[in-house]
Amino acid sequence: MKIQHLRFFIAVVDSGGVVRAAERLRISQPSISAALKALEEELGQPLFRRRGTGRSLRPTPKALRFYGDAREILRQCDAARARFTAEEPRPVKFRIGVLQTVASYDVAAFSSALAMYNPHLRLQVWEGGAIRVGEWLRQARIDAAWTTVDKDAGNARVLWHEPFVVLSSRTHPFATGAQTKLTVADLEGQPVVLRLSCEAKRGQLWPESTRIRVGKGRAR
């Protein structure tokens, strides 16, 4: 069964005859008549009854039911063609600078969330220290930065606050005293061991009199 024959059949039903259908489709009348004849031969039954001595045609009851099926077939064919020929959206590249100290599972969860809401997004993760990530952002080499924020900024959003925890021996005044919360000022004059890549070493977070020892441990 040819799609073109179904189109000609629908046009004849909608127009009420071959002549008007030919004018509507801008093709010759013999072409439509030949298509209707081929369709009737394939179905094994006539589709139309002539109305009087004119050229207008009246569809049979079965032809009217077949008319609804034919329209649905053409609708699905047109929809399939439109989906096939439609241009696929181009992938959008999104570059984000991420601190080296951000856990890999957090980066993976972030990537999965972006892919869920925008399947065409192509994420590029650039890892680096806080200074380098900031330079990438200022140079527009990345679109966003996942880094530390010293103060509120108009283009920044705080995701979470991460407090520092002091680990000391049991005999240290920090452990034996009643004070449970410390400030940076309380660390003045104390030797402090930080991670090798800790972002807190930059800026004015620590007082000048604090002696800082760089270590590779994860405790902070």
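The values are calculated or read from the model by the stated rules, or taken from the named source; none is laboratory data. Keep in mind it's a predicted model, so treat the numbers as computed, not measured. A quick note on method: Cβ atoms are made from the backbone with ideal geometry, for glycine too, and the neighbour counts reach across all protein chains shown.
A few comments on the model shown:
- Scanning segment 85-97 for residues that are touching a residue at least 40 places away in the same chain (Cβ under 8 Å) and out of contact with any Gly (no Cβ under 8 Å at 6 or more places or on another chain) yields a total of 3.
- Test: residue in segment 68-84 that is touching a residue at least 12 places away in the same chain (Cβ under 8 Å), out of contact with any helix residue (DSSP H, G or I) (no Cβ under 8 Å at 6 or more places or on another chain) and surrounded by 14 or more Cβ atoms within 10 Å (Cβ to Cβ): no
- Checking each residue in segment 157-188 for being surrounded by fewer than 13 Cβ atoms within 10 Å (Cβ to Cβ) and either assigned to a strand (DSSP E or B) or of a type in the set (A, V, I, L, M) (or both) picks out V158, L159, V165, L167, A175, A178, A185.
- Contact map, segment 178-190: first residue more than 13 Å from V165 (Cβ to Cβ), second residue aromatic (F, W, Y), Cβ cut-off under 7 Å, separation 6 or more or different chains; pairs are V184/W206.
- The residue list I3, I10, I73 contains one member that is among the β-branched types (V, I, T), at pLDDT 90 or above and in contact with a Cys (Cβ under 7 Å, 6 or more places away or on another chain), which is I3.
Let's see how each residue does on (1) closer than 30 Å to V149 by Cα; (2) assigned to a helix (DSSP H, G or I):
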{"position": "L64", "(1), (2)": "no, yes"}
{"position": "Y67", "(1), (2)": "no, yes"}
{"position": "A82", "(1), (2)": "no, yes"}
{"position": "V102", "(1), (2)": "yes, no"}
{"position": "V107", "(1), (2)": "yes, yes"}
{"position": "S112", "(1), (2)": "yes, yes"}
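- So T148, is it touching an Asp or Glu at 6+ places or on another chain (Cβ under 6 Å) and either in a loop (DSSP other than H, G, I, E, B) or at pLDDT 80 or above (or both): yes
- Failed criterion for F94 (all others in (1) in a helix (DSSP H, G or I); (2) closer than 30 Å to R138 by Cβ hold): (1)
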